[in-house]
Amino acid sequence: MSETEKVDMEKLPRFLPSCHKEAEKLDIIFTCSGAASVGKIGHEVGVLLTNAGQTARLCCTTAVAAGSKMHIDIGHRAKRVIVIDGCPMRCATKVIEKADIKIDHSFTITDFGITKQPTLDVSDEDVLKVALQIAEEVGMKLNVKP
Ligand code: SF4
């Protein structure tokens, strides 16, 4: 058996599609990833939509804020742009709007009845609940059991 055949495929990371090469085919997700419960939930929702969705891909909001031409270009070319903010400050939305990227769907975690708390300990149930609601609203099929 070769060294390659001995590799446990279950333990390998599942590589994501290249958001720059395949932007036109992808629902690009920008989250605020803020340092509070709702920012963390928004980020985890983006991860879940990326991993359990068919064509969704989390992208780097901070890179857009930093002026990265490549990441701004991804936003311009995306099939759809979905923004997920933690709270009504809507920091990710402001970043994306400043880059003149068209937003197709915008969500704020506190609108789902979740209170902003100074913690990064968040519940999987809240993440799943919000992810399922967003997926339904944007017409995205998620490969998860509710
Ligand atoms: S939208 Fe709210 S949670 Fe997100 S980065 Fe801004 S202040 Fe923090």
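The values are calculated or read from the model by the stated rules, or taken from the named source; none is laboratory data. Here the structure is a predicted model, which means the values were calculated and not measured. Positions of Cβ are backbone-derived with ideal geometry, glycine not excepted, and every protein chain shown enters the neighbour counts.
Annotations
- A single entry from V47, V130 fulfils the requirement of being crowded, with 21+ Cβ neighbours inside 10 Å, outside any loop (DSSP other than H, G, I, E, B) and within 16 Å of the ligand (Cβ to nearest atom): V130.
- From the options I29, I103, I96, I41, residue that is within 16 Å of the ligand (Cβ to nearest atom) and touching a Phe, Trp or Tyr at 6+ places or on another chain (Cβ under 8 Å): I96
- Within the range 20-61, the set of residues being polar (S, T, N, Q) and within 16 Å of L132 (Cα to Cα) comprises T50, N51, Q54, T55.
- Any chance S18 is among the polar types (S, T, N, Q), surrounded by fewer than 21 Cβ atoms within 10 Å (Cβ to Cβ) and within 27 Å of N143 (Cα to Cα): yes
- Unique residue being buried (at least 24 other Cβ atoms within 10 Å of the Cβ), under 9 Å from the mean Cα position of the chain (by Cα) and either aliphatic (A, V, I, L, M) or assigned to a loop (DSSP other than H, G, I, E, B) (or both) when the list is I29, I41: I29
- Only a single item in (1) under 18 Å from A135 (Cβ atoms); (2) of a type outside the set (A, V, I, L, M); (3) modelled with pLDDT of 95 or more is not met by T110, and it is number (1).
- Residues in the range 51-67 that are more than 16 Å from the ligand (Cβ to nearest atom), surrounded by fewer than 20 Cβ atoms within 10 Å (Cβ to Cβ) and within 22 Å of F15 (Cα to Cα) were compared, and the one that is modelled with the lowest pLDDT is Q54.
- Residues (within 8 Å of the ligand (Cβ to nearest atom) and either more than 18 Å from R57 (Cα to Cα) or not in a helix (DSSP H, G or I) (or both)) located in the range 68-93: D85, G86, C87, P88, M89, R90, C91
- Pairs with Cβ under 7 Å, 6+ apart, first in the range 85-96 and at pLDDT 95 or above, second part of a helix (DSSP H, G or I) and within 6 Å of the ligand (Cβ to nearest atom): D85/C91; G86/V38; G86/G39; C87/V38
- Cβ-Cβ distances below 9 Å connect the following pairs, each with a first residue in the range 67-82 that is among the basic types (K, R), a second residue that is exposed (fewer than 14 other Cβ atoms within 10 Å of the Cβ) and in a helix (DSSP H, G or I), and a separation of six or more residues or different chains: R77/E24; K79/E24; K79/K25.
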